[in-house]
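For reference, the structure discussed in these notes is given below.
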Amino acid sequence: MQDNSPRHQDGSAGDANYGAIGKGYTSFRRPDPRIAELIDAALSEARTILNVGAGAGSYEPVGRTVTPVEPSQSMRAQRPAHLPAAIDAVAEKLPFEDATFGAAMSTFSVHQWKNLNAGLSEMRRVTRGPIAIMTCAPDELDRFWLNAYCPEVIAVEAVRYPAIRDIAEGLGGTTDVLPVPIPLDCTDGFNEAYYGRPEMLLDPAARLACSAWSFVADDVVRRFEDRLGNDLVSGRWDARHGHYRQHPTFVGSLKLIVNHI
């Protein structure tokens with residue numbers, strides 16, 4: 001099926017331009033093995049897996065036949081050599097026959113789709129088994145201390161992420177919503193992964209790997225850096241939030257949605 005939807009220069013189909021922000025993505029966004037286990041279990045015994053919005057290949061299960069779909073050339077180029085090459089396509093127009101795959105997955109991708117219901121309908125059309133979608137619940141983002149330091153980033157993400165109930169309704173069938181505990185040493189550098197390592201969010205490269213920061217004005221970012229930096233030096237951050245440095249996991253907005261027909 002031909003894709004005629006407007007894209008960024010590198011092919012990115014969502015609101016974020018990964019040609020501009022995605023070049024160092026794999027340095028910070030490495031799949032965390034504990035989160036990977038949850039996704040792997042959700043895919044059940046399926047041997048053929050579709051990965052929609054596959055990016056650089058995070059969380060693709062080993063030992064199964066994976067077909068990745070990714071519209072951004074920048075992200076496709078960062079896929080390791082041992083992973084299959086990604087097909088240039090978007091969620092809303094998947095170039096596959098009905099019931100082609102035993103299971104499907106999507107991680108940190110649904111908020112990039114231009115038409116959520118069309119993408120979910122396409123995933124279900126081409127998948128005969130479970131669908132696992134990892135995303136964030138927009139109404140739970142403010143659990144993270146970042147809301148006290150840069151509410152603009154939280155507000156951006158809250159607008160971009162679709163409601164969990166909308167995803168469940170779009171998939172139909174039976175859906176389970178599982179909270180995903182985030183490990184203290186999480187290797188996947190999304191914002192909440194730094195709940196106990198606040199210094200990481202002072203690194204511009206780490207922030208660049210979280211697309212929400214690309215929508216925040218420079219003066220807002222500078223104000224955030226000044227405030228967090230000063231509070232870390234003075235001890236104010238640790239006085240208020242330092243207990244997170246000892247928490248083995250953090251249960252925030254991250255969810256795994258598992259859908260069955």
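The values are calculated or read from the model by the stated rules, or taken from the named source; none is laboratory data. What you are looking at is a predicted structure, and each value in this text was computed from that prediction instead of being measured. All Cβ positions, even for glycine, are placed from backbone atoms using ideal geometry, and neighbour counts span all protein chains on display.
In region 201-214, which residue that is more than 20 Å from Thr107 (Cβ to Cβ) and either in contact (Cβ under 8 Å) with a residue 12 or more places away in the chain or not in a loop (DSSP other than H, G, I, E, B) (or both) is farthest from the chain's Cα centre (by Cα)? Please lay out each step first, then the result.
Start the filter on region 201-214 by keeping residues that are more than 20 Å from Thr107 (Cβ to Cβ), which leaves 201-205.
The next check asks that each one be either in contact (Cβ under 8 Å) with a residue 12 or more places away in the chain or not in a loop (DSSP other than H, G, I, E, B) (or both); those that pass are 201-202, 204-205.
Working: Leu201: 17, Leu202: 20, Pro204: 19, Ala205: 17 Å.
Only one residue tops the list, namely Leu202.
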**Request:** Restricting attention to region 45-63, report how many residues are under 17 Å from Asp188 (Cβ atoms) and in contact (Cβ under 8 Å) with a residue 12 or more places away in the chain.
**Result:** 10
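When you go through Ala54, Ala13, Ala85 one by one, which is the residue that is at pLDDT 95 or above, of a type outside the set (Asp, Glu), surrounded by 22 or more Cβ atoms within 10 Å (Cβ to Cβ) and part of a loop (DSSP other than H, G, I, E, B)? Show your work before the answer.
On the way: Ala13 fails: at pLDDT 95 or above; Ala85 fails: surrounded by 22 or more Cβ atoms within 10 Å (Cβ to Cβ).
From the options Ala54, Ala13, Ala85, the qualifying one is Ala54.
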**Filtered residues of region 93-112 (kept if modelled with pLDDT of 95 or more and buried (at least 21 other Cβ atoms within 10 Å of the Cβ))** = Leu94, Phe101, Ala103, Ala104, Met105, Ser106, Thr107, Phe108, Ser109, Val110
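For region 231-248, check the following and say yes or no: at least one residue is among the polar types (S, T, N, Q), crowded, with 21+ Cβ neighbours inside 10 Å and in contact with a Gly (Cβ under 9 Å, 6 or more places away or on another chain).
Restricting attention to region 231-248, the residues satisfying the condition of being among the polar types (S, T, N, Q) are 234, 246.
The next check asks that each one be crowded, with 21+ Cβ neighbours inside 10 Å; those that pass are none.
No: region 231-248 contains no residue that is among the polar types (S, T, N, Q), crowded, with 21+ Cβ neighbours inside 10 Å and in contact with a Gly (Cβ under 9 Å, 6 or more places away or on another chain).
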**Request:** Kindly check whether there is at least one residue in region 157-166 that is among the small types (Gly, Ala, Ser), closer than 21 Å to Met200 by Cβ and either under 19 Å from the mean Cα position of the chain (by Cα) or at pLDDT 95 or above (or both).
**Result:** no
